[in-house]
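Asks: Have a look at this one before I ask anything.
The values are calculated or read from the model by the stated rules, or taken from the named source; none is laboratory data. The structure presented is a predicted model; accordingly, all values stated were derived computationally and were not measured. SASA here: full protein model, heavy atoms, side chains in, ligands and nucleic acids out. Shrake-Rupley method; radii C 1.70, N 1.55, O 1.52, S 1.80 Å.
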Amino acid sequence: MKLLAPHPTPPSALTDTLREQGYAVLTAQGVCELTGCAIDELMALRPSWDDLPPDNYLKDGGRYRRRRHSSLVVRGDAVEQAPHRAHWQPLEYNALHGGMQRWFEPVTPAVARAAAWGKLLRGLGSVFSQIRGAQPWYVEAHQFRIDTAGGIGRPTPEGAHRDGVDFVAVFLVAREAIKGGETRVFQADGPRGERFTLTEPWSLLLLDDERVIHESTPIQPQEGGGHRDTLVLTYRAGGFLDG
């Protein structure tokens, strides 16, 4: 089945597109232009996805998700590592896993020290400050691998949802020997929706979490099994979500 490609936004139009429709997609080249990263710097991060511990909190009984999680504060050009903390969401935003203090292993020091890591965090913070005003951004970083070793893997087992933050950035890092994994974005208070499949490594979906709902469809294996790797960065004004 032919995959439906997204309609990418040029970096020069990114803030206007986010203001107008609440979401935008950038190509990997667009990500590099926006953040000042070289594609080689981004690709150098990819092997770290081979070292993600299992997510032991899945309430559907699945074993298809691996992840690491860290918290940071972005203040202009400064990126501060916050003390390691649990990931928490209210039931209002995550009916499946909300209300739980979920402790995951942190992003490794090697990733946190990588040149691309800070550039991504600062570049996105600059975009969001243009839209909402300059301020500290409280960022949670999630490295995810969804695999198909057990058959079906679910990128968003909670279904279509918001995250309870201001902005969400979803980077597709790798997509190997799978089918499915279609992205769906819907207006939170209207009929408009769009669906597409991210396939290019380091392409990016940006979401205004107050205005849109999003999900990714389950993945199935091809040729003996595969996986889908993503980096999800959530930006929130005023502080971290805490239970």
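Asks: Per residue, how much accessible area does the stretch 161-243 show when a 1.4 Å probe rolls over the protein heavy atoms, in square angstrom?
Replies: Value for the stretch 161-243: 38 Å² per residue.
Asks: Roughly how far apart, in whole Å, are the Cα centres of the stretch 1-63 and the stretch 185-243?
Replies: Between the Cα centre of the stretch 1-63 and that of the stretch 185-243, the gap is 9 Å.
Asks: Just the accessible area for Glu215, please: 1.4 Å probe, Å², rounded to the nearest 10?
Replies: Approximately 40 Å² of Glu215 is accessible to the 1.4 Å probe.
Asks: So with the 1.4 Å probe, I'd like the accessible area per residue for the stretch 1-142, rounded to whole Å².
Replies: Per-residue accessible area for the stretch 1-142 comes out at 49 Å².
Asks: Determine the share of the chain's accessible area contributed by carbon and sulfur atoms, expressed in whole percent, with a 1.4 angstrom probe.
Replies: Answer for the chain: carbon and sulfur cover 49 percent of the accessible area.
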